[in-house]
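Trainee: The structure follows.
None of the figures in this text is laboratory data; all of them are computed from the coordinates on show. Not measured: the values here are computed from a predicted model. Here the Cβ is made from the backbone with ideal geometry for all residues, glycine too, and neighbour counts use every protein chain on show.
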């Protein structure tokens, strides 16, 4: 395999993929780049198609947080869809009864009952 190869991503962007042996030799240089604020990833493979990537720890933390947020959003969507699918018309509450005014700016002032 050639030491590096250009690969086109589904969105049309192109990345350079290097062979695994070269990637292992460049890990020290990658750390220096990360320390100097260059967070461009190192993409590597044994086949020429992207298989692995080295990213900065800060990027990894950000991606992990984004992944967790997306998973939580998906759970909320699923629960909401299930509840809406199973709800009977008599279960619905008019927004006005919740104190919501869709014409007003900002959130409702009081959405709970203190009855």
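Trainee: Inside the stretch 55-91, can you point out the residues that are surrounded by 10 or more Cβ atoms within 10 Å (Cβ to Cβ) and not in a helix (DSSP H, G or I)?
Mentor: 55, 56, 87
Trainee: A further question follows. Answer yes if at least one residue in the stretch 33-42 is without any contact (Cβ under 8 Å) to a residue 24 or more places away in the chain, surrounded by 12 or more Cβ atoms within 10 Å (Cβ to Cβ), on the phi > 0 side of the Ramachandran plot and part of a loop (DSSP other than H, G, I, E, B), and no otherwise.
Mentor: No, the conditions are met nowhere in the stretch 33-42.
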